[in-house]
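Working notes, beginning with the structure itself.
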Amino acid sequence: MAQVVTISSLDEALAMAKHQGLKYNQIQMQGQLSNYDSKIATSALMPSLAMSAQSDYNLKLPVQLIPAEIFGGAPGTFNEVRFGQDWNSNAGANFEAPIFHADKFARAKAASKTRDQAIEDAKANTNNYLQLVSRAYLNLLVLREASILNSELDTTATELYNTTKAFYEQQLSSKVELNRAENLMLSTLQQTKNVIANTQVALNQLKALVGLQASTELLINDELNKYVLENAPQEISAENRSKTKSAELAVDAARWNLKQQNWAFLPKVSFNSRYAFANQSNQLFSGQGTNFNYGTVGLSVSMPLFKGFSQYNQQKKAKLQLNIASSQWQQSIIDSQEELSEWRIKFEDKKQSGQLASRRDELAENTLNLSLLSYNEGVISLNELFNIYNEYVQARNNRLQTTADAVLYLEYLKLEQ
């Protein structure tokens with residue numbers, strides 16, 4: 001049996017998206033990736049220890065002739081001397097600790113800023129994702145109520161056609177009027193099928209956004225008239241939005257990246273130590289043969305002098321990236337101010353328009369009912385009734401969309417808190 005899930009409000013839809021939405025989880029994991037990049041960059045400042053071991057077998061050792069008289073032999077004769085033994089094995093350990101690596105320090109700071117930037121990016125992307133969920137959910141509510149409206153219109157259009165047909169049979173209306181009435185009935189039936197299809201598509205889209213399988217039956221126990229519009233949240237500072245903070249942190253990261261390139265010319269001082277053990281024998285791991293070991297400890301200093309202008313160009317590139325990041329940060333502040341202002345203006349507009357739209361819908365519905373009675377009594381023409389009918393459809397759809405838009409813009413503002 002298919003699983004059945006019920007959602008009763010927009011808040012429940014958002015909570016479900018946060019709990020099991022795959023897109024939501026992906027956004028959070030993307031934000032965590034940069035944390036490991038920061039740790040990797042910081043690790044370059046820590047001591048390192050490496051061990052190595054090697055064993056070689058000499059297929060054929062080099063042989064040289066040495067005067068035999070060295071070994072007490074007759075002058076003028078030579079002895080063959082083989083150098084080395086069959087197996088040469090060694091093992092060692094290397095320890096290194098950075099003392100002064102300015103470029104590595106700058107790289108770690110840049111990675112830290114990039115990590116903070118990724119965290120703010122994750123917050124901004126989460127808000128964008130929740131905006132999509134809100135838009136999909138409210139669109140579904142509009143379509144569900146539009147389906148109800150269209151079902152009512154189907155009934156009304158059918159009754160109008162039957163009335164016009166009766167008039168036609170009594171020779172009280174023309175064939176043109178009968179055709180128009182039938183066309184209206186077929187048009188509303190076609191529109192109903194279209195709305196039903198769009199509702200199912202919107203339902204599937206909402207399932208995908210909140211992480212539900214296609215086989216899951218999703219029930220929406222909610223209506224737009226349940227939403228009471230509250231006052232808009234207090235003014236939100238554009239500088240405090242996640243997307244703006246991300247752009248600001250990108251500037252800090254670019255600034256440290258430039259320092260890294262500038263400090264690459266500075267000397268690098270490290271403490272290092274090495275220990276090695278070697279064994280030469282005719283049999284591997286025989287425990288016999290020649291053994292020796294040695295160790296070193298000291299400081300190393302290195303400083304690049306010339307790399308074919310690559311470092312110079314890296315500096316120029318880092319400086320340009322810093323300028324670009326600064327410009328993007330300033331632009332993000334302007335864009336955020338414009339976006340927040342747009343949401344607030346549209347919310348206030350839709351909130352006030354919603355009252356007018358509700359009154360229009362009420363008047364249009366009342367007018368349509370009276371007009372149907374008037375048409376049945378032959379008081380008004382079919383043309384007048386068609387105009388009133390269209391006014392009613394427009395008024396009802398306008399009320400639904402205005403209400404949904406007001407709730408949506410309010411949710412946008414609340415998500416930024």
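The values are calculated or read from the model by the stated rules, or taken from the named source; none is laboratory data. Given the structure is predicted, the values throughout are model-derived calculations rather than measurements. In this analysis, Cβ positions are derived from the backbone assuming ideal geometry, glycine residues included, and neighbour counts consider all displayed protein chains. To get the accessible areas, we keep the full protein, side chains included, count just its heavy atoms, and leave off ligands, DNA and RNA. Shrake-Rupley method; radii C 1.70, N 1.55, O 1.52, S 1.80 Å.
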* **Whichever residue in region 128-146 is surrounded by fewer than 17 Cβ atoms within 10 Å (Cβ to Cβ) and of a type in the set (S, T, N, Q) and, among such residues, is nearest to the chain's Cα centre (by Cα)** => ASN128
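Results for (1) within 22 Å of the chain's Cα centre (by Cα); (2) open to solvent by less than 30 Å² (accessible area, probe 1.4 Å); (3) aliphatic (A, V, I, L, M); (4) modelled with pLDDT of 90 or more, shown as yes or no for each residue.
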{"position": "LEU184", "(1), (2), (3), (4)": "no, yes, yes, no"}
{"position": "GLN200", "(1), (2), (3), (4)": "no, no, no, yes"}
{"position": "TYR227", "(1), (2), (3), (4)": "no, no, no, no"}
{"position": "VAL251", "(1), (2), (3), (4)": "yes, yes, yes, yes"}
* region 375-389 residues that are in contact (Cβ under 8 Å) with a residue 60 or more places away in the chain, paired with ones that are open to solvent by 40 Å² or more (accessible area, probe 1.4 Å) (beta carbon under 6 Å, 6 or more apart) -> LEU382/GLU177
* Asked: If VAL195 satisfies every condition in (1) open to solvent by 90 Å² or more (accessible area, probe 1.4 Å); (2) touching a helix residue (DSSP H, G or I) at 6+ places or on another chain (Cβ under 8 Å); (3) assigned to a helix (DSSP H, G or I) but one, which is the exception?
  -> (1)
* Residue count, region 203-225 (criterion: within 24 Å of LYS351 (Cβ to Cβ), open to solvent by less than 20 Å² (accessible area, probe 1.4 Å) and part of a helix (DSSP H, G or I)) -> 1
* Selection count, region 160-173, where residues are under 15 Å from GLU384 (Cβ atoms) and of a type outside the set (Phe, Trp, Tyr) -> 4
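Which of the following residues is among the acidic types (Asp, Glu), without any contact (Cβ under 8 Å) to a residue 12 or more places away in the chain and either open to solvent by 40 Å² or more (accessible area, probe 1.4 Å) or more than 26 Å from ALA404 (Cβ to Cβ) (or both): GLU348, GLU338?
Numbers: GLU348 fails: without any contact (Cβ under 8 Å) to a residue 12 or more places away in the chain.
Exactly one residue qualifies, and that residue is GLU338.
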* Name the strands (runs of 3 or more DSSP E) wholly within region 58-105 that hold at least 2 residues that are touching an Asp or Glu at 6+ places or on another chain (Cβ under 9 Å)? -> 63-67, 87-100
* Hey, ILE7 surrounded by fewer than 17 Cβ atoms within 10 Å (Cβ to Cβ), at pLDDT 90 or above and among the β-branched types (Val, Ile, Thr) or not -> no
* Asked: Among SER242, SER237, SER246, which is free of Cβ contacts under 8 Å to residues at least 24 places away in the same chain, among the hydroxyl-bearing types (Ser, Thr, Tyr) and surrounded by 12 or more Cβ atoms within 10 Å (Cβ to Cβ)?
  -> SER237
